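Q: Before we start, here is the structure in question, set down as structure tokens.
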Amino acid sequence: MKTFSIAILGCGTVGSGVAKILLDMGSVLSERSAHPIELRKIVDLSPKKSSEKYNIPLSLFCGGGKDLTSEEASRYISEIINDKDIDLVVETIGGTGDYLLSVILDALKSKKHVVTANKALLAERGSVIFQTAKENGMTLGYEASVCGAIPIIKSIRESFTGDEVQEISGIMNGTSNYILSKMELEGIDFKSALKMAQKAGYAEADPTLDISGGDAAHKLAILIRLAFGKEIEYNDLMKEGIQNIEKEDIEFANEMNTSIKLICYAKKVEGSVIASVKPMMVKRDNLLSRVHGATNCVELINKYSGRHYFMGAGAGGPETASSIVADIVFTARYGVSVDESRQTQRLELVDTDHFEFPYNITFSTADRPGVTGLVTTAIGAQKINIDTVSHNRHNRKEAVFSVATMPCTMQQIKDAVATIRKDSPELLTEEPKAIPILQ
Ligand code: HSE
């Protein structure tokens, strides 16, 4: 039986995890694949360092163990792409540049299957990659690109292929969820929680991509493409991070029996997809509100089979590597996967601001009689139905209170705020903060 041969490009935390699982579980994986599976080559700039750090035989690294320049690494990568005996290339280099894109495209054109965890590249420049895989009859495995170890890609494309995903909501960034959990459960502010996340190894030294919603948006863009069969322009996806969430927001959320979470949301409606990544107040009877720490959780609502939750580790070397190895085994066992042959259309992306949600709006106002009445009257004038008005906090020089609404759009809220500003210019001491409430 023909051996299924693999090359790994990039041997950092995830690439080394793939190598280790392939070496540790070789015979079992071969049985599961119905093919002997062999790790043939690894390209890495620092073979000796990676070999020692991750306990991987140096003989597997290209270049005889010496450190490689980028030019040398590129030459070895070209050799692998032209090697007829390599069946599958694992890309764990990372980045979104032209060179990396060309490596993946060339590998597919050279009839190699490709497995990658590169969410940024797939979200931002994925169309040409999926198209090239399809044209060349090759599998593009990307389970590891969305929520690490959670089998969400396979579930949508295999298990739910007889159904239709209608709505996705999920916690897809562990760092943000760790920070929000610390703020909620330990009563600390954003800055201290971020420091704890960095100390615990979740947040990078530059945590921008995680806390700005960018990393979560990459994952949501990939899921929208798969679940709804729609190409979206990544830059059109509305993203708002957790940087502006304050202790006060968490306290109001708690009073309303909700938890603030960074929610990736997408819903298919006639002719378009409503989607955004932004902080939402999640009702406590929704499981997502109770997912704490760095854990990820994705909720799908399907047309026929209803509600499903997928929860687990969204990051980590061995965790993410296990998803890559699953793609390798599936590809070796079944050959080309068929899901990417479905037609994808480019349809309009509408951000959730234009869609009706219940909102919690926090107002910081001058502390004098009549203010609550003025604010709620302006809200009512925009035909927004109020659900609850909180008590006023008078512990600063202004009064702070929040208004929870029945479903309305952000435009209605903006119009209400504009009226308040026009009629009572001194009343608002800060820009009101509106957070959607997820039921
Ligand atoms: N940094 C991400 C997170 C994992 O915190 O969830 C990789 O996407």
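Q: Among residues belonging to the range 147-176 that are in contact with a strand residue (DSSP E or B) (Cβ under 8 Å, 6 or more places away or on another chain) and aliphatic (A, V, I, L, M), point out the one that is surrounded by the most Cβ atoms within 10 Å (Cβ to Cβ).
A: Pass one, the range 147-176, residues in contact with a strand residue (DSSP E or B) (Cβ under 8 Å, 6 or more places away or on another chain): 147-152, 155-156, 160, 163-174, 176.
Add one more test, that the residue is aliphatic (A, V, I, L, M), and what stays is 149-150, 152, 156, 165, 168, 171-172.
On the way: ALA149: 20, ILE150: 24, ILE152: 28, ILE156: 23, VAL165: 23, ILE168: 25, ILE171: 27, MET172: 31.
Across the range 147-176, the extreme among qualifying residues is MET172.
Q: Within the range 275-284, can one find any residue that is over 25 Å from LYS119 (Cα atoms), of a type outside the set (A, V, I, L, M) and at pLDDT 95 or above?
A: Kept after step one, since they are over 25 Å from LYS119 (Cα atoms), are these residues of the range 275-284: 281-284.
In the following step, the residues that additionally are of a type outside the set (A, V, I, L, M) were identified as 283-284.
With the extra rule that they be at pLDDT 95 or above, the set shrinks to 283-284.
Taking every residue of the range 275-284 in turn, at least one turns out to be over 25 Å from LYS119 (Cα atoms), of a type outside the set (A, V, I, L, M) and at pLDDT 95 or above.
Q: While we're looking at this one, here's another question. Can you tell me which residues in the range 199-211 are within 10 Å of the ligand (Cβ to nearest atom), assigned to a helix (DSSP H, G or I) and of a type outside the set (Val, Ile, Thr)? Step through it out loud before you land on a result.
A: Applying the first criterion (within 10 Å of the ligand (Cβ to nearest atom)) to the range 199-211 yields 202-204, 207, 209-211.
Checking the rest, the ones that are also assigned to a helix (DSSP H, G or I) come to 209-211.
Listed by number, the residues that qualify are LEU209, ASP210.
Q: Hey, another quick one. Name the pairs: first residue in the range 11-23 and among the polar types (S, T, N, Q), second residue modelled with pLDDT under 95, Cβ to Cβ under 6 Å, at least 6 apart or on different chains?
A: Taking only residues 6 or more apart or on different chains, the pairs are THR13/GLY317.
Q: Does the range 283-293 hold any residues that are among the polar types (S, T, N, Q) and either crowded, with 21+ Cβ neighbours inside 10 Å or within 16 Å of the ligand (Cβ to nearest atom) (or both), and which are they? Write out each step before concluding.
A: Quick first cut of the range 283-293, residues among the polar types (S, T, N, Q) only: 286, 289.
Answer for the range 283-293, where residues must be among the polar types (S, T, N, Q) and either crowded, with 21+ Cβ neighbours inside 10 Å or within 16 Å of the ligand (Cβ to nearest atom) (or both): just SER289.
Q: What is the residue count in the range 1-21 for residues that are surrounded by 18 or more Cβ atoms within 10 Å (Cβ to Cβ) and in a helix (DSSP H, G or I)?
A: So the first thing to find is which residues in the range 1-21 are surrounded by 18 or more Cβ atoms within 10 Å (Cβ to Cβ), and the list is 4-11, 14-21.
With in a helix (DSSP H, G or I) added as a condition, the list becomes 14-21.
Summing the residues that are surrounded by 18 or more Cβ atoms within 10 Å (Cβ to Cβ) and in a helix (DSSP H, G or I) in the range 1-21 gives 8.
Q: Would you confirm whether any residue within the range 179-192 is closer than 25 Å to VAL90 by Cβ and either out of contact with any Gly (no Cβ under 8 Å at 6 or more places or on another chain) or buried (at least 22 other Cβ atoms within 10 Å of the Cβ) (or both)? Write out each step before concluding.
A: Filtering the range 179-192 down to residues closer than 25 Å to VAL90 by Cβ leaves none.
No; the residues of the range 179-192 include none that is closer than 25 Å to VAL90 by Cβ and either out of contact with any Gly (no Cβ under 8 Å at 6 or more places or on another chain) or buried (at least 22 other Cβ atoms within 10 Å of the Cβ) (or both).
Q: I want to confirm something. Restricting to the range 270-297 and keeping residues that are assigned to a strand (DSSP E or B) and charged (D, E, K, R), which single residue is nearest to ILE437 (Cα to Cα)? Quick ask: steps written out before the conclusion?
A: Looking only at the range 270-297, we keep the residues that are assigned to a strand (DSSP E or B), and these are 272-283, 295-297.
Next, from what is left, pick out any that are charged (D, E, K, R): 278, 283.
Working: LYS278: 11, LYS283: 7 Å.
Going through the qualifying residues, I end up with LYS283.
Q: Another question, then. With the requirement that a residue be small (Gly, Ala, Ser) and either surrounded by 14 or more Cβ atoms within 10 Å (Cβ to Cβ) or touching a Gly at 6+ places or on another chain (Cβ under 6 Å) (or both), what does the range 367-382 give you? Give the derivation first.
A: So the first thing to find is which residues in the range 367-382 are small (Gly, Ala, Ser), and the list is 370, 373, 378, 380-381.
Once the filter is applied, which keeps residues that are small (Gly, Ala, Ser) and either surrounded by 14 or more Cβ atoms within 10 Å (Cβ to Cβ) or touching a Gly at 6+ places or on another chain (Cβ under 6 Å) (or both), the range 367-382 yields only ALA378.
Q: Tell me yes or no: at least one residue of the range 178-197 is out of contact with any Leu (no Cβ under 6 Å at 6 or more places or on another chain), touching a residue at least 12 places away in the same chain (Cβ under 8 Å) and near the ligand (Cβ under 8 Å from one of its atoms).
A: Yes, the range 178-197 has at least one match.
Q: Among residues belonging to the range 404-439 that are touching a residue at least 12 places away in the same chain (Cβ under 8 Å) and of a type in the set (Gly, Ala, Ser), point out the one that is surrounded by the most Cβ atoms within 10 Å (Cβ to Cβ).
A: Result: ALA416.
Q: Being among the small types (Gly, Ala, Ser) and modelled with pLDDT of 95 or more is the filter here, so list the residues in the range 371-399 that pass it.
A: First, pick out the residues of the range 371-399 that are among the small types (Gly, Ala, Ser): 373, 378, 380-381, 390, 399.
Scanning the range 371-399 gives GLY373, ALA378, GLY380, ALA381.
Q: Tell me, please, whether a residue that is surrounded by 15 or more Cβ atoms within 10 Å (Cβ to Cβ), of a type in the set (Gly, Ala, Ser) and either away from the ligand (no atom under 16 Å from the Cβ) or at negative phi (or both) can be found in the range 273-280. Walk me through it before giving the result.
A: As a first pass, look at the range 273-280 and keep what is surrounded by 15 or more Cβ atoms within 10 Å (Cβ to Cβ): 273-280.
From what is left, the residues that are of a type in the set (Gly, Ala, Ser) are 275-276.
This time we only want the ones that are either away from the ligand (no atom under 16 Å from the Cβ) or at negative phi (or both), so: 275-276.
Yes, that holds for at least one residue.
Q: Of (1) over 14 Å from ALA19 (Cβ atoms); (2) in contact with a Leu (Cβ under 6 Å, 6 or more places away or on another chain), VAL43 satisfies all except one. Which?
A: Looking at each condition in turn, VAL43 falls short on (1).
Q: Is one or more of the residues making up the range 298-314 in contact with a Ser or Thr (Cβ under 6 Å, 6 or more places away or on another chain) and outside the structural domain of CYS11 (by TED's automatic domain parsing)? Full working, then the answer.
A: Keep residues of the range 298-314 that are in contact with a Ser or Thr (Cβ under 6 Å, 6 or more places away or on another chain), which gives 299.
Then keep just the ones that are outside the structural domain of CYS11 (by TED's automatic domain parsing); that gives 299.
The answer is yes; a qualifying residue exists.
Q: Can you tell me which condition ILE301 does not meet? The list is (1) within 16 Å of the ligand (Cβ to nearest atom); (2) over 12 Å from LEU180 (Cα atoms); (3) part of a strand (DSSP E or B), and all the others hold.
A: (1)
Q: Further, regarding this structure: Give the residues of the range 108-131 that are surrounded by fewer than 19 Cβ atoms within 10 Å (Cβ to Cβ) and among the β-branched types (Val, Ile, Thr), sorted by residue number.
A: Of everything in the range 108-131, just one residue is surrounded by fewer than 19 Cβ atoms within 10 Å (Cβ to Cβ) and among the β-branched types (Val, Ile, Thr), namely VAL128.
Q: Looking only at the range 383-403, how many residues end up being buried (at least 20 other Cβ atoms within 10 Å of the Cβ) and either of a type in the set (Gly, Ala, Ser) or part of a helix (DSSP H, G or I) (or both)?
A: Taking the range 383-403 first, the residues buried (at least 20 other Cβ atoms within 10 Å of the Cβ) are 384, 400-403.
So of that shortlist, the ones also either of a type in the set (Gly, Ala, Ser) or part of a helix (DSSP H, G or I) (or both) come out as 402.
Qualifying residue count, the range 383-403: 1.
Q: If you check ASN257, ASN296, which single one turns out to be crowded, with 23+ Cβ neighbours inside 10 Å and in contact (Cβ under 8 Å) with a residue 24 or more places away in the chain? Give the steps one after another, and end with the answer.
A: Working: ASN257 fails: crowded, with 23+ Cβ neighbours inside 10 Å.
Testing whether each residue is crowded, with 23+ Cβ neighbours inside 10 Å and in contact (Cβ under 8 Å) with a residue 24 or more places away in the chain leaves just ASN296.
Conditions tested, residue by residue: (1) touching a helix residue (DSSP H, G or I) at 6+ places or on another chain (Cβ under 7 Å); (2) over 30 Å from GLU255 (Cα atoms).
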| position | (1), (2) |
| --- | --- |
| HIS113 | yes, yes |
| LEU122 | yes, yes |
| ILE129 | yes, yes |
| THR132 | yes, yes |
| GLY148 | yes, yes |
| PRO151 | yes, yes |
| SER159 | no, yes |
| GLY162 | no, yes |
| LEU180 | no, no |
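Q: What number of residues within the range 212-251 are in contact with a helix residue (DSSP H, G or I) (Cβ under 6 Å, 6 or more places away or on another chain), part of a helix (DSSP H, G or I) and either free of Cβ contacts under 8 Å to residues at least 60 places away in the same chain or more than 23 Å from LEU300 (Cα to Cα) (or both)?
A: Residues meeting the conditions: 1.
The values are calculated or read from the model by the stated rules, or taken from the named source; none is laboratory data. Here the structure is a predicted model, which means the values were calculated and not measured. A quick note on method: Cβ atoms are made from the backbone with ideal geometry, for glycine too, and the neighbour counts reach across all protein chains shown.
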